[in-house]
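Step one of this worksheet: look at the structure below.
Read the figures in this text as sums done on the coordinates, not as results from a lab. Fair warning: this is a prediction, and the values are worked out from it, not measured in the lab. Quick reminder, even Gly has a Cβ in these numbers, built from the backbone with ideal geometry, and neighbours come from all protein chains shown.
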Amino acid sequence: MTRILIVGHKGQLGRTLFRFPTDHELLGMDLPEYDITDVERTQYALREMRPEIVINTAAYTNVDGAEAEPELAYRINAHAAGHLARFCEELGAVMYHISTNEVFDGQRVGQPYDEWDQPDNTHGSTYARSKLAGENAVRFYHSRARIIRISWLFAPGGNNFPAKIVAAADKHGALRVVADEYGVPTYAPDLAQAIFQLIDIKAPPGVYHLINGEATSRYAFAKAALRLTGRGHIPVTPISHTEWQRAAQPPLRAVLVNRAAAALGIVLRPWQDALADWAAQV
Ligand SMILES: NC(=O)c1ccc[n+]([C@@H]2O[C@H](COP(=O)([O-])OP(=O)(O)OC[C@H]3O[C@@H](n4cnc5c(N)ncnc54)[C@H](OP(=O)(O)O)[C@@H]3O)[C@@H](O)[C@H]2O)c1
């Protein structure tokens, strides 16, 4: 049994990990009791808790909001992540840090991003750049960190894309959905299982892309969510990202492929099967 601290344990992924059936001892750290931007208190709490593994799921995740609050986004996603990594290194705790497909600019067509591709999103959103700064800080301060990149996260009861599509369908009766943004959905319960598998097999340090299967468009993902929740009759108009005004522009083709975990026998099922599970619970 290993003592594992889940930072951000009240969030969408954090609570899925925190509730996951496991023999490991699970501890939690989240707002308002703990604020990871309070460096001294965080260091003190970590010394008290003495985790052997820390999984950092905490983040400033409001992608559009980060454009108006860049300092806060950087403080949480980059600086606090780096300090956590430093404290983990001091304590001898292994760090698992959750990152995003948005560290890639998504300009590459026809070839997904491997774990060993060099992330670069210099012209990306504030959120994307703060998350890349977080990866770099974690690598700088921790010699054995595992960086887990995911995309389009969804979970039962979470604030996520398919949940927003279902809510919007019920409210408006018809939808317009972006058809030229591509990604791979990640189902939090499958991701949690894969992370515990990586822990149990003592997977080596490095980068892992954990996603459910292959790429889809926002439009196709929305259509599938509607069909699987009995709303297949709702009309959906495919539109270009240029017709959907938002503060932050996500990368259009930041499509991840899982090679590192797959080489260790860890592969998440196709997103279509995971979405059917999700739909049965909403
Ligand atoms: N959601 C996606 O589609 C997606 C895609 C790719 C990568 N990711 C990454 O996956 C990870 C988990 O995402 P998620 O959707 O589970 O996020 P989430 O639901 O927003 O959960 C994040 C948790 O961290 C907490 N938190 C924020 N600031 C904190 C602070 N200063 N101190 C302590 N806790 C703090 C949040 O509390 P409050 O709610 O009170 O702020 C929340 O409970 C993040 O690293 C995110 O960047 C997410």
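Can you spot a residue in segment 131-142 that is under 23 Å from ALA45 (Cα atoms), more than 10 Å from the ligand (Cβ to nearest atom) and not in a helix (DSSP H, G or I)?
Checked against the condition, which is being under 23 Å from ALA45 (Cα atoms), more than 10 Å from the ligand (Cβ to nearest atom) and not in a helix (DSSP H, G or I), segment 131-142 yields at least one hit.
Restricting attention to helices (runs of 4 or more DSSP H) lying wholly within segment 1-117, give those where 3 or more residues are of a type in the set (Phe, Trp, Tyr) and in contact with a helix residue (DSSP H, G or I) (Cβ under 9 Å, 6 or more places away or on another chain).
none
With the requirement that a residue be among the small types (Gly, Ala, Ser) and more than 12 Å from the ligand (Cβ to nearest atom), what does segment 50-72 give you?
Matches in segment 50-72: ALA68 only.
Can you report the number of residues in segment 35-74 which are touching a residue at least 24 places away in the same chain (Cβ under 8 Å) and farther than 25 Å from TRP152 by Cβ?
Within segment 35-74, residues that are touching a residue at least 24 places away in the same chain (Cβ under 8 Å) and farther than 25 Å from TRP152 by Cβ number 11.
Suppose the filter is crowded, with 21+ Cβ neighbours inside 10 Å, touching a residue at least 40 places away in the same chain (Cβ under 8 Å), farther than 22 Å from ILE239 by Cβ and within 13 Å of the ligand (Cβ to nearest atom); does SER99 pass it?
Against the criterion (crowded, with 21+ Cβ neighbours inside 10 Å, touching a residue at least 40 places away in the same chain (Cβ under 8 Å), farther than 22 Å from ILE239 by Cβ and within 13 Å of the ligand (Cβ to nearest atom)), SER99 qualifies.
Between residues in segment 181-200 that are without any contact (Cβ under 8 Å) to a residue 60 or more places away in the chain and residues that are in a helix (DSSP H, G or I) and surrounded by fewer than 24 Cβ atoms within 10 Å (Cβ to Cβ), which pairs lie under 6 Å by C-beta distance while being six or more apart or on different chains?
Correct list of pairs: empty, since none qualify.
How about segment 39-96: which of its residues are of a type in the set (Asp, Glu) and under 18 Å from HIS9 (Cβ atoms)?
Selection gives GLU48, GLU52.
Pairs under 7 Å by beta carbon, first residue within 17 Å of VAL94 (Cβ to Cβ) and in contact (Cβ under 8 Å) with a residue 24 or more places away in the chain in segment 1-15, partner buried (at least 24 other Cβ atoms within 10 Å of the Cβ) and among the charged types (D, E, K, R), six or more apart or different chains?
Correct list of pairs: empty, since none qualify.
What are the pairs with Cβ atoms under 7 angstrom where one residue, in segment 137-163, is at positive phi and the other, located anywhere, is more than 8 Å from the ligand (Cβ to nearest atom)? Sequence gap at least six, or different chains.
Listed pairs, sorted by first residue: TRP152/GLY183; TRP152/VAL184; TRP152/PRO185.
If you take the residues of segment 24-49 that are more than 9 Å from the ligand (Cβ to nearest atom) and within 26 Å of ALA188 (Cα to Cα), which of them is surrounded by the fewest Cβ atoms within 10 Å (Cβ to Cβ)?
GLU25
Would it be correct to say that ARG269 is touching a residue at least 24 places away in the same chain (Cβ under 8 Å) and among the charged types (D, E, K, R)?
yes
Here is a list of conditions, (1) surrounded by fewer than 20 Cβ atoms within 10 Å (Cβ to Cβ); (2) within 16 Å of the ligand (Cβ to nearest atom), and LEU191 meets all of them except one; can you say which number that is?
The one condition LEU191 does not meet is (1).
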